[in-house]
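Structure record follows, encoded as structure tokens.
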């Protein structure tokens with residue numbers, strides 16, 4: 001593997017980790033919420049509430065999934 | 001009001017990153033010598049300054065609505081990621097960030113590594129360790145300063161917050177000459193991520209055309225909602241984690 005390719009891959013991996021982080025679903029959820037808010041606003045529907053609700057729902061779901069994964073691993077270790 | 005919150009967010013975020021960078025630089029300097037470690041810090045600062053010089057003016061060319069969607073969206077992803085980690089750490093589901101243990105590991109690796117140098121740099125290991133620490137932690141600071149500053153229309157204001165944090169941490173590091181383990185880093189990260197998430201929600205929504213009721217004051221409402229949700233989630237999970245541990249201990253005892 002060339003040094004250039006390794007450098008590009010490392011750079012891309014850094015930014016992926018930096019922005020997307022541990023749970024890619026957060027990034028996908030944010031993009032979907034932005035599109036939904038834009039769609040409602042463009043249709044003339046007041047949508048100021050949507051981003052806070054979406055943001056907090058994404059957070060709760062992501063934390064919940066992390067806790068479930070943690071509990072599953074702990075349960076397997078105990079067996 | 002939003003300017004005060006902006007400076008607070010940038011200051012706290014930069015304290016967190018500066019403490020992490022300081023741990024790495026101290027490990028390099030104390031175990032390998034200060035000359036190459038400080039050359040690494042200098043080179044890292046030059047790279048960060050070049051990135052700011054290149055990206056700062058580029059961001060000011062983007063139309064404000066696009067900038068708010070892009071920056072607000074990125075800040076929201078970044079803030080939610082940090083907040084998730086902060087909640088999991090505070091509730092005991094993820095290990096706390098421990099500067100003392102990170103410092104010990106870095107020092108051990110630094111002492112074990114061989115020594116080679118070229119030109120002005122007498123020790124490449126110390127140089128590279130410091131350089132990477134400053135650039136990687138500094139990039140997060142640059143990202144927050146540029147995005148938050150440009151969105152609020154005041155990069156200099158964000159720079160003031162960042163520079164204040166770097167000066168405070170550097171002076172503390174020089175005085176203590178040890179990792180700043182007493183800084184409540186996890187609590188700071190919790191507070192910063194609440195602020196970043198709130199700014200992200202506020203700006204991203206404005207970028208896609210939302211009119212906030214109460215205009216700029218709506219940010220306080222968003223901030224309160226994010227802080228309350230994060231606190232409740234932490235409290236609920238902490239109780240769950242204690243119950244699980246207690247049940248496991250009872251199972252082991254019987």
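Observations on the structure shown:
- Annotation: extensible slack from residue B:176 through residue B:136 equals 12.1 nm (criterion: 0.36 nm per residue apart, minus Cα-Cα distance).
- Ordering B:84, B:89, B:32 from the fewest to the most neighbouring beta carbons within 10 Å gives B:89, B:32, B:84.
- Taking chain A and dividing mean pair separation by its residue count, relative contact order in percent (alpha carbons under 8 Å, at least six apart): 25
- With the biggest extent put first, the Cα atoms of region A:1-69 measure 53, 33, 12 Å across the principal axes.
- Residue-averaged 222 nm ellipticity for chain B, from DSSP H runs of 4+ at -39500 (n - 2.57), nearest 500: -29500 deg cm²/dmol
- Most mobile of B:15, B:171, B:41 in a GNM of chain B (Cα contacts under 10 Å): B:171
- Take every Cα pair under 8 Å whose residues are at least 6 apart in sequence, average their separation, divide by the length of chain B, and the relative contact order is 39 percent.
- Distance cut-off 31 Å, percentage of C-alpha pairs in chain B lying past it: 35
- Length added when fully stretched, residue A:4-residue A:74, from 0.36 nm per residue minus Cα-Cα: 21.1 nm
- Alpha carbon centroid spacing (whole Å) that separates region B:38-94 from region A:48-67: 21
- Sorted by Cβ density within 10 Å, fewest first, the residues B:17, B:215: B:215, B:17
- Residue order, fewest to most beta carbons within 10 Å, for B:223, B:80: B:223, B:80
None of the figures in this text is laboratory data; all of them are computed from the coordinates on show. What you see is a predicted model, and the numbers here were worked out from it, not measured in a lab. Note: ideal-geometry Cβ built from the backbone for every residue, glycine included; neighbour counts use all protein chains shown.
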